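Asker: Would you mind keeping the following structure in view while I ask a few things?
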Amino acid sequence: MQRLLLLGMNHKTAPLSVRERLAFSAEQRRAALEQFRTAFPECEVVLLSTCNRVEIYVARAVHGHPRMDELTQFFGAFHGIDLSSHRSHFYELSQQAVVEHLFQVAASLDSMVFGESEILGQVRSAYEAAGEVGTTGSVLNPLFQRAIAAGKQVMTELGPVDEEVSVASVGVDLARHLFDDCAGKTLMTVGAGGVTQQVLRYFRQLRPARLLICNRDAEKANALAGEFGGTAVDFGVMDRHLSEADILITSTAAPTPILTRRQFELAGRRRQSQPMLVIDLAVPRDVEPAVRELKFVHLHDMDDLQRTIATSRTPKPNAFDVARQIVQSHVQQFLEWQRARAFGPAIDALYRRYHDVAEEELQRTLGRGTASADEADRLHEFARRIVNKLLHDPVQAMRADDVSPGQYLGALQKLFKLELPPDKTK
(Lines give C-alpha, C1' and ligand atoms only; values in the text may rest on other atoms or scores of the structure.)
Protein backbone atom coordinates (compact mmCIF):
# COMPACT_ATOMS: atom_id res chain seq x y z
CA MET A 1 0.00 0.00 0.00
CA GLN A 2 0.99 3.58 -0.65
CA ARG A 3 0.51 6.69 1.47
CA LEU A 4 -0.19 10.14 0.02
CA LEU A 5 1.57 13.12 1.56
CA LEU A 6 1.54 16.84 0.81
CA LEU A 7 3.78 19.57 2.20
CA GLY A 8 3.17 23.10 1.00
CA MET A 9 2.56 26.77 1.56
CA ASN A 10 0.34 29.23 -0.28
CA HIS A 11 -0.86 32.83 -0.30
CA LYS A 12 -3.02 32.13 2.74
CA THR A 13 -0.25 30.74 4.93
CA ALA A 14 2.88 32.61 3.79
CA PRO A 15 3.70 36.09 2.49
CA LEU A 16 5.33 36.55 -0.90
CA SER A 17 8.65 37.26 0.81
CA VAL A 18 8.65 33.66 2.10
CA ARG A 19 7.08 31.93 -0.91
CA GLU A 20 9.56 33.42 -3.36
CA ARG A 21 12.49 31.96 -1.41
CA LEU A 22 11.11 28.45 -1.91
CA ALA A 23 9.79 28.83 -5.46
CA PHE A 24 11.10 26.60 -8.26
CA SER A 25 11.83 27.74 -11.78
CA ALA A 26 11.29 25.13 -14.52
CA GLU A 27 14.99 24.25 -14.45
CA GLN A 28 15.09 24.08 -10.65
CA ARG A 29 11.97 21.92 -10.59
CA ARG A 30 13.56 19.36 -12.88
CA ALA A 31 16.75 19.33 -10.82
CA ALA A 32 14.75 18.96 -7.59
CA LEU A 33 12.73 16.05 -9.00
CA GLU A 34 15.91 14.28 -10.05
CA GLN A 35 17.45 14.82 -6.61
CA PHE A 36 14.31 13.53 -4.94
CA ARG A 37 14.26 10.43 -7.13
CA THR A 38 17.89 9.72 -6.18
CA ALA A 39 17.19 10.18 -2.45
CA PHE A 40 13.89 8.27 -2.44
CA PRO A 41 13.89 5.96 -5.49
CA GLU A 42 10.77 4.04 -4.42
CA CYS A 43 8.60 7.16 -4.20
CA GLU A 44 6.48 9.14 -6.63
CA VAL A 45 6.63 12.95 -6.51
CA VAL A 46 5.19 16.03 -8.22
CA LEU A 47 6.34 19.60 -7.53
CA LEU A 48 3.85 22.44 -8.04
CA SER A 49 5.32 25.95 -7.90
CA THR A 50 3.32 29.06 -8.87
CA CYS A 51 3.20 32.68 -7.76
CA ASN A 52 0.67 31.67 -5.09
CA ARG A 53 1.92 28.30 -3.85
CA VAL A 54 4.77 25.84 -3.52
CA GLU A 55 3.64 22.24 -2.92
CA ILE A 56 5.24 18.81 -3.06
CA TYR A 57 3.00 15.76 -3.56
CA VAL A 58 4.46 12.39 -2.58
CA ALA A 59 3.30 8.77 -2.74
CA ARG A 60 5.36 6.34 -0.70
CA ALA A 61 5.07 3.02 1.13
CA VAL A 62 2.90 3.26 4.26
CA HIS A 63 5.84 2.84 6.64
CA GLY A 64 8.44 4.21 4.27
CA HIS A 65 10.27 7.47 3.68
CA PRO A 66 10.26 10.42 3.36
CA ARG A 67 8.37 11.59 6.42
CA MET A 68 7.14 15.17 6.75
CA ASP A 69 10.30 16.36 8.48
CA GLU A 70 12.36 14.87 5.65
CA LEU A 71 10.25 16.72 3.08
CA THR A 72 10.87 19.96 4.96
CA GLN A 73 14.60 19.22 5.04
CA PHE A 74 14.51 18.54 1.31
CA PHE A 75 12.90 21.94 0.62
CA GLY A 76 15.42 23.75 2.79
CA ALA A 77 18.48 21.88 1.55
CA PHE A 78 17.61 22.43 -2.11
CA HIS A 79 17.28 26.18 -1.64
CA GLY A 80 20.01 26.46 0.97
CA ILE A 81 17.60 27.88 3.57
CA ASP A 82 17.14 27.14 7.26
CA LEU A 83 13.39 26.59 7.51
CA SER A 84 13.20 26.41 11.30
CA SER A 85 11.68 29.91 11.45
CA HIS A 86 9.21 29.19 8.63
CA ARG A 87 7.54 25.99 9.86
CA SER A 88 4.34 27.86 10.73
CA HIS A 89 3.88 28.77 7.06
CA PHE A 90 3.65 25.14 5.93
CA TYR A 91 0.59 22.91 5.86
CA GLU A 92 0.83 19.12 6.03
CA LEU A 93 -1.84 16.86 4.56
CA SER A 94 -2.15 13.12 4.06
CA GLN A 95 -4.37 10.58 2.32
CA GLN A 96 -7.90 11.80 1.48
CA ALA A 97 -7.07 15.39 2.47
CA VAL A 98 -4.40 15.44 -0.25
CA VAL A 99 -6.94 14.32 -2.85
CA GLU A 100 -9.46 16.96 -1.81
CA HIS A 101 -6.84 19.72 -1.74
CA LEU A 102 -5.40 18.95 -5.20
CA PHE A 103 -8.85 18.81 -6.81
CA GLN A 104 -9.71 22.18 -5.25
CA VAL A 105 -6.43 23.67 -6.45
CA ALA A 106 -6.96 22.47 -10.03
CA ALA A 107 -10.46 23.99 -10.04
CA SER A 108 -9.16 27.35 -8.67
CA LEU A 109 -11.21 26.93 -5.48
CA ASP A 110 -8.00 27.47 -3.49
CA SER A 111 -6.73 30.38 -5.60
CA MET A 112 -6.52 33.99 -4.50
CA VAL A 113 -8.78 34.72 -7.48
CA PHE A 114 -11.58 32.19 -7.89
CA GLY A 115 -12.24 31.34 -11.52
CA GLU A 116 -8.77 32.08 -12.84
CA SER A 117 -7.86 29.46 -15.41
CA GLU A 118 -4.07 29.71 -15.24
CA ILE A 119 -3.79 27.34 -12.27
CA LEU A 120 -5.20 24.42 -14.26
CA GLY A 121 -2.40 24.80 -16.80
CA GLN A 122 0.13 25.06 -13.99
CA VAL A 123 -1.10 21.83 -12.39
CA ARG A 124 -0.92 20.09 -15.76
CA SER A 125 2.58 21.47 -16.37
CA ALA A 126 3.80 20.27 -12.95
CA TYR A 127 2.38 16.80 -13.61
CA GLU A 128 3.89 16.58 -17.09
CA ALA A 129 7.28 17.77 -15.83
CA ALA A 130 7.30 15.00 -13.21
CA GLY A 131 6.30 12.50 -15.88
CA GLU A 132 9.22 13.54 -18.07
CA VAL A 133 11.63 12.89 -15.21
CA GLY A 134 9.88 9.62 -14.39
CA THR A 135 8.69 10.41 -10.87
CA THR A 136 5.01 9.57 -11.35
CA GLY A 137 3.45 6.15 -11.39
CA SER A 138 0.37 4.14 -10.51
CA VAL A 139 -0.63 6.44 -7.63
CA LEU A 140 0.07 10.01 -8.76
CA ASN A 141 -0.81 9.40 -12.42
CA PRO A 142 -4.53 8.72 -11.81
CA LEU A 143 -4.64 11.31 -9.02
CA PHE A 144 -3.39 14.18 -11.18
CA GLN A 145 -5.25 13.05 -14.29
CA ARG A 146 -8.56 13.10 -12.43
CA ALA A 147 -7.78 16.38 -10.68
CA ILE A 148 -7.09 17.98 -14.07
CA ALA A 149 -10.34 16.50 -15.40
CA ALA A 150 -12.22 18.03 -12.44
CA GLY A 151 -10.64 21.43 -13.05
CA LYS A 152 -11.41 21.24 -16.74
CA GLN A 153 -15.08 20.46 -16.07
CA VAL A 154 -15.35 23.46 -13.73
CA MET A 155 -13.85 25.78 -16.34
CA THR A 156 -16.01 24.30 -19.13
CA GLU A 157 -19.34 24.31 -17.29
CA LEU A 158 -18.98 27.69 -15.62
CA GLY A 159 -17.34 29.47 -18.54
CA PRO A 160 -15.95 32.92 -17.70
CA VAL A 161 -16.84 33.44 -14.05
CA ASP A 162 -17.23 37.17 -14.67
CA GLU A 163 -16.03 39.90 -16.96
CA GLU A 164 -12.36 39.39 -17.59
CA VAL A 165 -10.19 40.93 -14.90
CA SER A 166 -6.55 40.01 -15.34
CA VAL A 167 -3.13 41.11 -14.18
CA ALA A 168 -2.72 42.89 -17.51
CA SER A 169 -6.04 44.73 -17.28
CA VAL A 170 -5.30 45.82 -13.71
CA GLY A 171 -1.92 47.10 -14.89
CA VAL A 172 -3.60 49.19 -17.58
CA ASP A 173 -6.00 50.62 -14.99
CA LEU A 174 -3.09 51.52 -12.71
CA ALA A 175 -1.33 53.31 -15.56
CA ARG A 176 -4.46 55.27 -16.45
CA HIS A 177 -4.94 56.22 -12.82
CA LEU A 178 -1.36 57.43 -12.40
CA PHE A 179 -1.00 59.26 -15.70
CA ASP A 180 -3.57 61.58 -17.25
CA ASP A 181 -2.28 60.73 -20.71
CA CYS A 182 -0.31 57.54 -21.38
CA ALA A 183 0.12 58.30 -25.08
CA GLY A 184 3.26 60.30 -24.45
CA LYS A 185 4.84 57.85 -22.02
CA THR A 186 7.58 55.25 -22.37
CA LEU A 187 6.80 51.62 -21.57
CA MET A 188 9.71 49.30 -20.79
CA THR A 189 9.56 45.56 -20.27
CA VAL A 190 12.23 43.30 -18.79
CA GLY A 191 11.73 39.71 -19.85
CA ALA A 192 10.31 38.27 -23.05
CA GLY A 193 8.30 35.24 -21.96
CA GLY A 194 4.63 34.42 -22.32
CA VAL A 195 3.52 36.66 -19.44
CA THR A 196 5.30 39.66 -20.96
CA GLN A 197 3.68 39.01 -24.33
CA GLN A 198 0.21 38.85 -22.80
CA VAL A 199 0.77 42.13 -20.96
CA LEU A 200 2.07 43.87 -24.08
CA ARG A 201 -1.05 42.89 -26.01
CA TYR A 202 -3.15 44.56 -23.32
CA PHE A 203 -0.97 47.65 -23.03
CA ARG A 204 -1.30 48.37 -26.74
CA GLN A 205 -4.52 50.22 -25.94
CA LEU A 206 -2.52 52.85 -24.03
CA ARG A 207 -0.61 53.72 -27.22
CA PRO A 208 2.67 54.56 -25.44
CA ALA A 209 5.03 56.85 -27.35
CA ARG A 210 7.93 54.41 -26.96
CA LEU A 211 8.29 50.73 -26.17
CA LEU A 212 11.61 49.38 -24.86
CA ILE A 213 12.08 45.62 -24.60
CA CYS A 214 14.96 44.28 -22.54
CA ASN A 215 15.93 40.63 -22.23
CA ARG A 216 19.07 38.59 -21.58
CA ASP A 217 18.47 36.81 -24.89
CA ALA A 218 18.94 39.53 -27.51
CA GLU A 219 17.29 37.38 -30.19
CA LYS A 220 14.07 37.10 -28.16
CA ALA A 221 14.12 40.83 -27.41
CA ASN A 222 14.49 41.67 -31.10
CA ALA A 223 11.67 39.29 -32.06
CA LEU A 224 9.31 40.82 -29.49
CA ALA A 225 10.31 44.34 -30.49
CA GLY A 226 9.50 43.49 -34.10
CA GLU A 227 6.10 42.08 -33.18
CA PHE A 228 5.03 45.03 -31.05
CA GLY A 229 6.84 47.87 -32.80
CA GLY A 230 9.34 48.51 -30.03
CA THR A 231 13.10 48.85 -29.60
CA ALA A 232 15.25 46.06 -28.19
CA VAL A 233 17.49 47.05 -25.30
CA ASP A 234 20.66 45.21 -24.33
CA PHE A 235 20.31 43.68 -20.87
CA GLY A 236 23.82 44.78 -19.97
CA VAL A 237 22.93 48.47 -20.34
CA MET A 238 19.46 48.27 -18.79
CA ASP A 239 20.38 50.93 -16.21
CA ARG A 240 20.85 53.54 -18.93
CA HIS A 241 17.25 53.17 -20.02
CA LEU A 242 15.65 52.72 -16.61
CA SER A 243 15.28 56.47 -16.13
CA GLU A 244 13.41 56.72 -19.45
CA ALA A 245 10.67 54.33 -18.35
CA ASP A 246 7.42 55.82 -17.11
CA ILE A 247 5.93 52.33 -16.89
CA LEU A 248 8.18 49.36 -16.15
CA ILE A 249 6.90 45.77 -16.35
CA THR A 250 9.24 42.99 -15.34
CA SER A 251 8.80 39.23 -15.50
CA THR A 252 11.95 37.10 -15.54
CA ALA A 253 12.93 33.78 -14.00
CA ALA A 254 15.85 35.26 -12.05
CA PRO A 255 16.31 33.64 -8.61
CA THR A 256 17.10 37.00 -6.95
CA PRO A 257 16.14 40.64 -7.66
CA ILE A 258 17.70 42.10 -10.80
CA LEU A 259 16.59 45.67 -10.04
CA THR A 260 17.74 47.28 -6.81
CA ARG A 261 16.81 50.36 -4.83
CA ARG A 262 20.15 51.93 -5.77
CA GLN A 263 19.35 51.60 -9.48
CA PHE A 264 15.99 53.28 -9.00
CA GLU A 265 17.51 56.04 -6.89
CA LEU A 266 19.88 56.89 -9.74
CA ALA A 267 17.07 56.69 -12.27
CA GLY A 268 14.96 58.98 -10.06
CA ARG A 269 17.60 61.68 -10.10
CA ARG A 270 17.69 61.64 -13.88
CA ARG A 271 13.88 61.66 -13.97
CA GLN A 272 13.76 64.49 -11.45
CA SER A 273 11.53 62.21 -9.36
CA GLN A 274 8.74 62.11 -11.94
CA PRO A 275 6.29 59.30 -11.03
CA MET A 276 7.09 55.81 -12.26
CA LEU A 277 4.75 52.81 -12.33
CA VAL A 278 6.53 49.49 -11.70
CA ILE A 279 4.67 46.20 -12.14
CA ASP A 280 6.67 43.18 -10.95
CA LEU A 281 5.08 39.97 -12.27
CA ALA A 282 7.93 37.68 -11.22
CA VAL A 283 8.06 35.15 -8.37
CA PRO A 284 10.73 35.32 -7.01
CA ARG A 285 10.42 39.09 -7.40
CA ASP A 286 12.61 40.96 -9.87
CA VAL A 287 12.44 44.24 -7.97
CA GLU A 288 14.02 44.68 -4.56
CA PRO A 289 11.23 45.24 -1.98
CA ALA A 290 13.01 48.34 -0.62
CA VAL A 291 12.16 50.12 -3.90
CA ARG A 292 8.64 50.50 -2.50
CA GLU A 293 10.03 53.07 -0.05
CA LEU A 294 10.90 55.52 -2.86
CA LYS A 295 8.16 58.14 -3.11
CA PHE A 296 8.26 58.50 -6.90
CA VAL A 297 7.98 54.74 -7.51
CA HIS A 298 4.53 53.10 -7.48
CA LEU A 299 5.47 49.43 -7.12
CA HIS A 300 2.96 46.58 -7.44
CA ASP A 301 3.93 42.91 -7.08
CA MET A 302 1.84 39.81 -7.85
CA ASP A 303 0.16 39.74 -4.46
CA ASP A 304 -0.86 43.40 -4.85
CA LEU A 305 -2.30 42.76 -8.30
CA GLN A 306 -4.16 39.61 -7.35
CA ARG A 307 -5.69 41.24 -4.30
CA THR A 308 -6.94 43.99 -6.58
CA ILE A 309 -8.38 41.41 -8.97
CA ALA A 310 -10.04 39.50 -6.13
CA THR A 311 -11.81 42.62 -4.86
CA SER A 312 -12.72 43.79 -8.37
CA ARG A 313 -14.45 40.62 -9.51
CA THR A 314 -18.17 40.09 -9.36
CA PRO A 315 -18.60 36.32 -9.77
CA LYS A 316 -21.74 34.83 -11.22
CA PRO A 317 -24.30 33.97 -8.52
CA ASN A 318 -23.62 30.55 -6.95
CA ALA A 319 -20.57 30.00 -9.19
CA PHE A 320 -18.39 29.00 -6.25
CA ASP A 321 -21.01 26.58 -4.91
CA VAL A 322 -21.48 25.00 -8.32
CA ALA A 323 -17.72 24.58 -8.73
CA ARG A 324 -17.44 23.05 -5.26
CA GLN A 325 -20.20 20.53 -6.04
CA ILE A 326 -18.43 19.50 -9.25
CA VAL A 327 -15.18 19.02 -7.34
CA GLN A 328 -16.85 17.06 -4.53
CA SER A 329 -18.41 14.74 -7.09
CA HIS A 330 -15.03 14.11 -8.73
CA VAL A 331 -13.38 13.55 -5.34
CA GLN A 332 -16.03 11.03 -4.35
CA GLN A 333 -15.72 9.15 -7.64
CA PHE A 334 -11.94 9.04 -7.31
CA LEU A 335 -12.05 7.79 -3.71
CA GLU A 336 -14.54 5.08 -4.65
CA TRP A 337 -12.32 4.00 -7.53
CA GLN A 338 -9.29 4.07 -5.23
CA ARG A 339 -10.99 1.90 -2.60
CA ALA A 340 -12.22 -0.56 -5.20
CA ARG A 341 -8.74 -0.79 -6.63
CA ALA A 342 -7.19 -1.36 -3.21
CA PHE A 343 -9.78 -3.75 -1.79
CA GLY A 344 -10.74 -5.56 -5.00
CA PRO A 345 -8.02 -8.25 -4.91
CA ALA A 346 -8.54 -8.86 -1.18
CA ILE A 347 -12.31 -9.18 -1.54
CA ASP A 348 -11.93 -11.54 -4.49
CA ALA A 349 -9.41 -13.64 -2.55
CA LEU A 350 -11.68 -13.71 0.51
CA TYR A 351 -14.67 -14.96 -1.49
CA ARG A 352 -12.57 -17.54 -3.36
CA ARG A 353 -11.05 -18.90 -0.18
CA TYR A 354 -14.33 -19.42 1.64
CA HIS A 355 -16.25 -20.69 -1.35
CA ASP A 356 -13.41 -23.20 -1.73
CA VAL A 357 -13.71 -24.15 1.96
CA ALA A 358 -17.48 -24.56 1.63
CA GLU A 359 -17.08 -26.61 -1.54
CA GLU A 360 -14.49 -28.85 0.09
CA GLU A 361 -16.76 -29.57 3.05
CA LEU A 362 -19.74 -30.07 0.75
CA GLN A 363 -17.87 -32.58 -1.38
CA ARG A 364 -16.89 -34.46 1.77
CA THR A 365 -20.57 -34.69 2.72
CA LEU A 366 -21.77 -35.59 -0.79
CA GLY A 367 -19.06 -38.22 -1.06
CA ARG A 368 -21.05 -40.38 1.30
CA GLY A 369 -23.56 -40.93 -1.54
CA THR A 370 -26.71 -40.29 0.49
CA ALA A 371 -27.96 -37.21 -1.50
CA SER A 372 -29.81 -37.19 -4.81
CA ALA A 373 -28.70 -34.91 -7.69
CA ASP A 374 -31.49 -32.45 -6.86
CA GLU A 375 -30.52 -32.39 -3.21
CA ALA A 376 -26.85 -31.87 -4.16
CA ASP A 377 -27.80 -28.82 -6.26
CA ARG A 378 -29.77 -27.38 -3.36
CA LEU A 379 -26.85 -27.96 -1.01
CA HIS A 380 -24.46 -26.20 -3.41
CA GLU A 381 -26.80 -23.20 -3.55
CA PHE A 382 -27.22 -23.28 0.23
CA ALA A 383 -23.42 -23.27 0.77
CA ARG A 384 -22.93 -20.43 -1.71
CA ARG A 385 -25.60 -18.28 -0.03
CA ILE A 386 -24.24 -18.98 3.47
CA VAL A 387 -20.72 -17.88 2.46
CA ASN A 388 -22.02 -14.74 0.72
CA LYS A 389 -24.18 -13.82 3.71
CA LEU A 390 -21.37 -14.37 6.21
CA LEU A 391 -18.98 -12.19 4.18
CA HIS A 392 -21.52 -9.47 3.33
CA ASP A 393 -21.07 -7.29 6.44
CA PRO A 394 -17.23 -7.32 6.55
CA VAL A 395 -17.05 -6.63 2.80
CA GLN A 396 -19.48 -3.72 3.09
CA ALA A 397 -17.40 -2.35 5.98
CA MET A 398 -14.30 -2.43 3.78
CA ARG A 399 -16.14 -0.56 1.05
CA ALA A 400 -17.38 2.14 3.44
CA ASP A 401 -16.49 5.74 2.61
CA ASP A 402 -14.55 6.35 5.83
CA VAL A 403 -12.30 3.31 5.60
CA SER A 404 -8.65 3.45 4.63
CA PRO A 405 -7.38 0.28 2.91
CA GLY A 406 -4.38 0.26 5.19
CA GLN A 407 -6.68 -0.35 8.17
CA TYR A 408 -7.72 -3.80 6.97
CA LEU A 409 -5.55 -5.33 4.27
CA GLY A 410 -2.72 -6.48 6.51
CA ALA A 411 -5.15 -7.90 9.07
CA LEU A 412 -7.15 -9.68 6.36
CA GLN A 413 -4.08 -11.44 5.03
CA LYS A 414 -2.99 -12.53 8.50
CA LEU A 415 -6.37 -13.54 9.91
CA PHE A 416 -7.71 -15.34 6.85
CA LYS A 417 -4.41 -16.47 5.30
CA LEU A 418 -5.20 -14.78 2.00
CA GLU A 419 -2.81 -15.00 -0.91
CA LEU A 420 -2.98 -11.61 -2.59
CA PRO A 421 -1.36 -10.62 -5.90
CA PRO A 422 1.60 -8.21 -5.67
CA ASP A 423 0.64 -4.61 -4.85
CA LYS A 424 0.86 -2.80 -8.19
CA THR A 425 0.89 0.58 -6.46
CA LYS A 426 4.32 -0.02 -4.97
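The values are calculated or read from the model by the stated rules, or taken from the named source; none is laboratory data. Because the structure is a prediction, the values reported are computed rather than measured. Heads up, the Cβs are rebuilt from the backbone with ideal geometry, glycines too, and the neighbour counts pull from every protein chain shown. Side chains are part of the model used for accessible areas, which takes the heavy atoms of the whole protein and leaves out ligands, DNA and RNA. Shrake-Rupley method; radii C 1.70, N 1.55, O 1.52, S 1.80 Å.
Asker: For segment 293-323, which residues satisfy the criterion of being more than 17 Å from Ser166 (Cα to Cα), surrounded by fewer than 16 Cβ atoms within 10 Å (Cβ to Cβ) and either of a type in the set (Gly, Ala, Ser) or in contact with a Leu (Cβ under 8 Å, 6 or more places away or on another chain) (or both)?
Answerer: Passing the criteria: only Val322.
Asker: Does Val98 count as surrounded by 17 or more Cβ atoms within 10 Å (Cβ to Cβ), touching a strand residue (DSSP E or B) at 6+ places or on another chain (Cβ under 7 Å) and closer than 21 Å to Ser125 by Cβ?
Answerer: Judged against the criteria, Val98 is a match.
Asker: I'd like to check something: does segment 26-38 contain any residue that is assigned to a loop (DSSP other than H, G, I, E, B), over 20 Å from Leu120 (Cα atoms), modelled with pLDDT of 95 or more and open to solvent by less than 40 Å² (accessible area, probe 1.4 Å)?
Answerer: no
Asker: Among what's in segment 294-319 and is modelled with pLDDT under 95 and of a type in the set (Val, Ile, Thr), pick the residue that is farthest from Asp246 (Cα to Cα).
Answerer: The selected residue is Thr314.
Asker: Here's something else I'd like to know. What pairs can you find where one residue is in segment 130-150 and charged (D, E, K, R), the other is open to solvent by 10 Å² or more (accessible area, probe 1.4 Å) and in a helix (DSSP H, G or I), and their Cβ atoms are less than 7 Å apart, with a gap of 6+ or different chains?
Answerer: Pairs found: Arg146/His330.
Asker: I would also like to ask the following. Does any residue in segment 16-42 that is closer than 23 Å to Gly137 by Cβ come within less than 6 Å, Cβ to Cβ, of a residue that is of a type in the set (Val, Ile, Thr) and buried (at least 20 other Cβ atoms within 10 Å of the Cβ) six or more places away or on a different chain, and which pairs are these?
Answerer: Leu33/Thr135; Phe36/Val45; Arg37/Thr135
Asker: From the list Phe382, Phe343, Phe334, exactly one residue is free of Cβ contacts under 8 Å to residues at least 12 places away in the same chain and of a type in the set (A, V, I, L, M, F, W, C). Which is it?
Answerer: Unique residue meeting the criteria: Phe382.
Asker: Let me ask you something else. Hey, among the residues in segment 51-65 that are part of a loop (DSSP other than H, G, I, E, B) and in contact with a strand residue (DSSP E or B) (Cβ under 9 Å, 6 or more places away or on another chain), which one's most open to solvent (accessible area, probe 1.4 Å)?
Answerer: Looking at residues that are part of a loop (DSSP other than H, G, I, E, B) and in contact with a strand residue (DSSP E or B) (Cβ under 9 Å, 6 or more places away or on another chain), I get His63.
Asker: Counting just the residues of segment 212-231 that are crowded, with 20+ Cβ neighbours inside 10 Å and hydrophobic (A, V, I, L, M, F, W, C), which one comes out farthest from Pro255 (Cα to Cα)?
Answerer: Taking the candidates together, the pick is Ala225.
Asker: Determine, yes or no, whether Arg368 is over 30 Å from Thr156 (Cβ atoms), modelled with pLDDT under 80 and open to solvent by 20 Å² or more (accessible area, probe 1.4 Å).
Answerer: Spelling it out, Arg368 is indeed over 30 Å from Thr156 (Cβ atoms), modelled with pLDDT under 80 and open to solvent by 20 Å² or more (accessible area, probe 1.4 Å).
Asker: Residue check: is Pro275 closer than 30 Å to His241 by Cβ and open to solvent by less than 90 Å² (accessible area, probe 1.4 Å)?
Answerer: yes
Asker: Here are some conditions: (1) open to solvent by 40 Å² or more (accessible area, probe 1.4 Å); (2) without any contact (Cβ under 8 Å) to a residue 60 or more places away in the chain; (3) over 17 Å from the mean Cα position of the chain (by Cα). Ser125 meets all but one. Which one does it not meet?
Answerer: Result: Ser125 fails condition (3) only.
Asker: How about segment 232-246: which of its residues are over 18 Å from Arg262 (Cα atoms) and open to solvent by less than 70 Å² (accessible area, probe 1.4 Å)?
Answerer: Once the filter is applied, which keeps residues that are over 18 Å from Arg262 (Cα atoms) and open to solvent by less than 70 Å² (accessible area, probe 1.4 Å), segment 232-246 yields Ala232, Val233.
Asker: Checking Glu44 against (1) of a type outside the set (A, V, I, L, M, F, W, C); (2) open to solvent by 30 Å² or more (accessible area, probe 1.4 Å); (3) under 16 Å from Arg3 (Cα atoms): exactly one of these is not met. Which one?
Answerer: (2)
Asker: Filter segment 12-25 down to the residues that are in a loop (DSSP other than H, G, I, E, B) and out of contact with any Ser or Thr (no Cβ under 6 Å at 6 or more places or on another chain), then identify the one that is least open to solvent (accessible area, probe 1.4 Å).
Answerer: Residue satisfying both the conditions and the ranking: Ala14.
Asker: Now for a different question. Do we find that Glu288 is closer than 18 Å to Phe179 by Cα, touching a strand residue (DSSP E or B) at 6+ places or on another chain (Cβ under 9 Å), open to solvent by 20 Å² or more (accessible area, probe 1.4 Å) and touching a residue at least 24 places away in the same chain (Cβ under 8 Å) in this structure?
Answerer: Criteria not met by Glu288.
Asker: Where residues in segment 162-211 are small (Gly, Ala, Ser) and open to solvent by 20 Å² or more (accessible area, probe 1.4 Å), which of them is modelled with the highest pLDDT?
Answerer: If we take residues in segment 162-211 being small (Gly, Ala, Ser) and open to solvent by 20 Å² or more (accessible area, probe 1.4 Å), then Ala209 is modelled with the highest pLDDT.
Asker: Still on this structure, please answer the following. So if I check each of Val327, Val322, Val291, which one is modelled with pLDDT of 90 or more, out of contact with any Gly (no Cβ under 9 Å at 6 or more places or on another chain), of a type in the set (A, V, I, L, M, F, W, C) and under 16 Å from Ser108 (Cβ atoms)?
Answerer: Val322
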